[in-house]
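What follows is a single structure, written as structure tokens, with notes after it.
Every number here is computed from the coordinates shown, using simple stated rules; none is lab data. Just so it is clear, the model here is predicted, and its values are computed rather than measured. Note that we place each Cβ from the backbone using ideal geometry, even for glycine, and neighbour counts take in every protein chain shown.
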Amino acid sequence: MDLIKTIEDMVRFKTITGTADEIDKCLAYIAKSFEKTTAKVKIERFDDASPVIYISNNDDMVQDALVLGHIDVVAANDDMFEPVVKNGKMYGRGTLDMKSFAAVAMNSMHYVLEHKLPVKFGIILSTDEEQGSKSTHAFMARYPKLNAKVVLDNDVGGDITKIINKCKNPVFLKLMAEGKPAHGSTPWEGLDANEMLMKTIANLRKFYPYFDIKKGQPENTWIDTMHVAKISGGEVSNIIAKHAEALLDVRLVETSSVKDLEKNIKASLAEGVTYKIVSSSTPVVMAEDNPQIMAYKAFAEQIMGQKIDFQQIGGATDARLFAEKGATVIMHSGTGEGMHADGEYVVLKTVEDLAKLQIEYLKTL
């Protein structure tokens with residue numbers, strides 16, 4: 001398989017989350033690449049979620065290794081869907097997040113099939129990861145017994161010299177304030193829902209401090225964080241707001257629980273404000289001395305000729321669905337910058353190194 005050409009081809013599909021036609025074209029492209037092989041390819045469709053493609057070299061429900069990823073991307077200008085290679089970098093939407101690494105997984109499957117490696121190997125690529133991964137959850141609900149000894153997650157980081165061994169638990173919660181409307185000229189006759197909401201957020205800041213580019217990065221970033229993702233309240237400018245809402249994005253480290261969060265929320269609520277946990281997940285924490293991770297790390301250092309360090313990130317990973325089942329999750333990707341931004345790129349040598357590493361590691365399984 002021509003790895004670089006495959007990446008270029010996949011970037012050209014405008015698979016912005018929700019664009020069903022482009023997603024279907026990309027899925028068909030992936031499936032076609034395995035037409036003349038013995039791979040088992042399924043495009044699973046759901047009534048209330050976007051499709052998932054599952055590729056494997058066997059029919060078992062417990063694989064030796066699975067690669068978990070996605071082919072959807074965030075919105076971008078049309079020119080970002082025409083990949084450009086310059087100075088060893090490929091620019092374009094999805095080059096870093098994460099079509100390059102979906103192509104790496106495809107390349108690994110082709111190698112496993114062509115060389116008849118005695119490893120049970122599978123690939124899961126979802127199509128709505130950028131908006132909550134509903135398709136991955138639907139797929140796992142359809143195949144609840146599916147698991148793997150090792151899950152290779154290439155949708156993390158952006159630095160091939162780092163293996164991610166910790167991801168936080170993302171918790172989204174909604175604050176709802178109910179006030180009393182009055183004319184803006186007589187605020188003493190009403191209760192301002194916006195003010196009630198702001199008081200609550202200010203109280204929460206005692207537990208979850210505010211950070212920004214001016215304040216700078218804290219010395220220790222492995223801490224609980226909170227940001228206000230969305231806030232709304234009021235209908236017209238001269239009326240005291242009757243109702244206000246805020247959506248908060250809280251990231252919890254493994255030593256913090258949702259129960260602890262709720263305790264802090266209850267202590268922070270201004271009168272007339274209630275809350276609702278919209279969604280919560282599970283932090284993924286892998287021990288640095290995990291035998292599979294140590295073996296993978298040794299191969300990485302050998303192939304790249306440099307030391308590989310461990311790193312922790314605040315983002316979440318769909319691999320938590322397998323970590324909860326006891327799988328070892330190895331979170332590692334190639335190097336690049338501009339994820340979700342203009343100028344997104346991936347360093348092609350790191351993609352090629354990751355492809356070699358993945359194959360060498362699969363040989364050991």
Please report the relative contact order for the stretch 169-279, taking Cα pairs under 8 Å with a sequence separation of at least 6, and give it as a percent rounded to a whole number. 46 percent
Dipole of the stretch 236-319, positive direction: furthest Cα of ASN238, GLY272, GLN302, with charges on the beta-carbon: ASN238
Once the Cα atoms of helix 193-204 and of the chain are each reduced to a long axis, what angle between those two axes, in degrees from 0 to 90 to the nearest 10, is obtained? 60 degrees
How much FRET efficiency would the formula 1/(1 + (r/R0)^6) give for THR221 and ASP60, where r is the Cβ-Cβ distance and R0 is 51 Å, rounded to 0.05? 0.80
So, relative contact order of the chain in percent, Cα under 8 Å, 6 or more apart, is 23 percent
If you average the alpha carbon positions of the stretch 143-209 and of the stretch 43-95, how far apart do those two centres end up, in angstrom? 27 Å
Longest exposed-loop-site-free stretch of the chain, with trypsin sites (Lys or Arg not before Pro), DSSP loop and at most 15 other Cβ within 10 Å? 216-306
Which label belongs to the value computed from this structure, given these candidates for semi-axes √(5λ) of the Cα gyration tensor in Å: [x] 41, 22, 20; [y] 32, 23, 19; [z] 35, 23, 19? [x]
Could you tell me what fraction of 2.2 N^0.38 Å the Cα radius of gyration of the stretch 120-252 comes to, as a two-decimal ratio? 1.51
Under the 0.36 nm per residue contour assumption, what length would be gained going from the current alpha-carbon distance of MET294 and LYS149 to full extension? 50.7 nm
So what's the Cα pair-distance distribution over the stretch 291-352, bin width 5 Å, in %? 4, 13, 19, 23, 21, 15, 6, 1
Mind checking the angle between helix 258-268 and the chain's longest principal axis? C-alpha axes, 0 to 90 degrees, to the nearest 10. 20 degrees
Find how much the distance from ARG45 to TYR210 grows on full extension, using 0.36 nm per residue of separation minus their present alpha carbon separation; answer in nm with one decimal. 55.2 nm
Name all residues of the stretch 183-220 having a backbone nitrogen under 17 Å from the label point set 7 Å from the Cα of SER237 along its Cα→Cβ direction, giving them as ranges. 183-186
Total charge dipole magnitude, the chain, about the Cα centre, Cβ charges on Lys, Arg, Asp, Glu only, Debye to nearest 20: 640 debye
